[in-house]
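For reference, the structure is listed below as structure tokens.
The values are calculated or read from the model by the stated rules, or taken from the named source; none is laboratory data. All values derive from a computational prediction rather than experimental measurement. All Cβ positions, glycine included, derive from the backbone under ideal geometry; neighbour counts span all protein chains shown. These accessible areas exclude ligands, DNA and RNA; they are computed on the full protein's heavy atoms, side chains included. Shrake-Rupley method; radii C 1.70, N 1.55, O 1.52, S 1.80 Å.
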Amino acid sequence: MNKESAKLKRLDIGWYYIKYQLFTKALWFFLIFPFYRWMLQRLIDSTGHVSISSGDYLDFLLTPQGIIALIITILTWMFLIGLDIHSFIWLSALYQEKRSLPTMSGLIVLSITSLKRLLNPIGLLITLYIALIIPIVGVGFSISMTESFKIPNFIADVIYLNPLYTTAYVVILLILTIITLGSIFFFHFVLLKNQPLIKSLKESFCMVRVHFKSFIRDFLLKTVMAYVGIIFGCMLIFFGIFFRLEAMTDVALRRATILFFMLTMTEIITFFSLIGVPLMTHQLTRLFYRFHREEGQNIPFSLSIPDKYIKTGETSWKRRWRSIGIGFTAASLILINCLAGYIGSLYFDEIFKTNRNIEIIAHRAGGDLAAENSLEGLKKAIEEGASRSEIDVQRTKDGYYIIHHDATFKRLTGVKCSSDQMTLSEIQGLKIHDLFQKDRADQPVETLDAFIQQAKGNIGLLIELKGHTADTKMADDVISTIRKYKMEKEAVILSLDYKMIQYIEKTNPDIQTGFLYFFSFGNDKMLTGDYLIMEEAQATDENIEYVHEAGKKVIVWTVNTEDSMSTYLDSDVDGIITDHLRLAKEQQKVKEKRTDFERILDYIRF
């Protein structure tokens, strides 16, 4: 193959990857995903649920419909994972073999046909690993349905605050990373050498081990770093342009120009993200062939493509028209970006708001202002001007209600007993250690009555029914206490147990309720509760708007990092729960002084 034909071949394979990604991702998002969601929603509706969330998912999964939904989900993951990976490997192998490329329909048929190799227990485990574990590790193939999967922040906070948990977490991540890198040629052995799944895993680990230095140098360093470097370089160039544009005196022109460049940069990064996986797979296949040659082995490539699926070669005029089409598309995008920038500049302040009426809510009484769930923390939250305070209520052995979060008092007081194992007088003898600032004085465990008396007329309360004592009796008793102090308008009862929220809404519809959850699938706006208290990963722009349509309010928990605060203080949520009240208020003030560029960047980031 001469240099010119090799160049054309590279252009052909590159163009093929682009077409494949555009075609299949459009198919996923406009046909497969909507159909998948429609099927699951029908199954959910048939059980009497409106949505499946962290508060009631077990009830659904134990039904026949739940089992069917689980099977459909796993098969969908298998289809999406297998189709993409198989297609990329077949294409890159055909390139290495100097064979003719198949048509798009032929490639999809060939890849679907080879999916049967995953239909076994080992294939199921590998699918689950790719769908759920790889997004956490951040190395390897993943799919759009689960690429945002991560450990919820409220769990991550517990891990990072405990040195032992942090060490264990790092070790587990390291082990998972080694497993992911070691098995990175697994699909190549399955498809190109037609080997059994277990043997393919072993062969992949062996190949990475034998050629470890070359693999690190030629794939991780050269390919991955080059890919990251291109995106990072584009961002640096555009950011340099943006900061210069901030000096423009014509406000309308400055805003329109910044919007144009921001849209263009987003499109470029999206393009590289789209083409990144197939190009990396192409490089892995190249290394797969090279490592075999270095070991003196041949790859028995046995893929037989029917004539009807073989792509005819492109003539010079087809390539010319392709170039014209690419140029026309680029010109159209530039024109659209110019028009969007102009329109955006006209409605800039309406789109990129600066003053949002978002409540800042202190977590566990006063967050880091005092010992958690202490009356002193509540007083500090009032002094700092918090909109509300979130507290956790549990029942004592003799039927009183105290404010405490954990299953036992060990972490905060050193006593390894639960609230229902101790009387009120015994609990009031305990002292809460301040884990935020250890030189501050310990605080007593207080009752719900003491908290409500302190809050009355000063601050709103989010009262979470906590632990295994959280039952209908607790709900009734807490409601009675709220009514006794006439706090109906100032208090909201929260629970992670969806049935508790349903019970309160049915028996006391005038009492405000909030359902706490960290994942959900289905018709969220139909969930029972005046407030939906979402974990960060669930609080997307789409979900917030969807819930607001039903007249419900959205609160995000637990927003503790500056990045998260910046994100949600610039969103349409109604409130954020945080341990760092003062930092959140500082971030709120910073939001009011942002440049145009910062306002646009925050909007796109959310």
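The table for this structure:
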quantity	calculated
Selected residue (criterion: least open to solvent (accessible area, probe 1.4 Å)) from residues of segment 374-420 that are polar (S, T, N, Q) and over 17 Å from P444 (Cα atoms)	S389
Qualifying strands (runs of 3 or more DSSP E) (wholly inside segment 525-580; at least 1 residues being hydroxyl-bearing (S, T, Y) and buried (at least 24 other Cβ atoms within 10 Å of the Cβ))	575-578
Subset of segment 477-521 (residues that are within 20 Å of K456 (Cα to Cα) and part of a helix (DSSP H, G or I))	D477, V478, I479, S480, T481, I482, R483, K484
Residues of segment 352-371 that turn out to be within 24 Å of the chain's Cα centre (by Cα) and farther than 19 Å from I555 by Cα, as a count	1
Within segment 36-56, considering residues that are hydrophobic (A, V, I, L, M, F, W, C) and surrounded by fewer than 19 Cβ atoms within 10 Å (Cβ to Cβ), the one modelled with the lowest pLDDT	V50
Complete set of residues in segment 242-270 that are loosely packed, with under 13 Cβ neighbours inside 10 Å and in a helix (DSSP H, G or I)	F243, R244, V251, A252, T270
Meets criteria (touching an Asp or Glu at 6+ places or on another chain (Cβ under 8 Å) and surrounded by fewer than 18 Cβ atoms within 10 Å (Cβ to Cβ)) for A455	no
Residues (surrounded by fewer than 21 Cβ atoms within 10 Å (Cβ to Cβ) and touching a helix residue (DSSP H, G or I) at 6+ places or on another chain (Cβ under 6 Å)) located in segment 57-67	Q65, G66
Selection status of Y342, open to solvent by 80 Å² or more (accessible area, probe 1.4 Å) and in contact (Cβ under 8 Å) with a residue 60 or more places away in the chain	yes
Which numbered condition F352 fails, given (1) modelled with pLDDT under 95; (2) open to solvent by 50 Å² or more (accessible area, probe 1.4 Å)	(2)
Pairs, first of a type in the set (F, W, Y) in segment 189-200, second surrounded by 21 or more Cβ atoms within 10 Å (Cβ to Cβ), C-beta under 9 Å, six or more apart	F189/S200; F189/S204; F189/M207; F189/F288
Any helices (runs of 4 or more DSSP H) falling wholly within segment 8-125 and containing at least 2 residues that are among the β-branched types (V, I, T) and more than 29 Å from S495 (Cβ to Cβ)	64-96, 104-113
Flag if G296 is loosely packed, with under 14 Cβ neighbours inside 10 Å and not charged (D, E, K, R)	yes
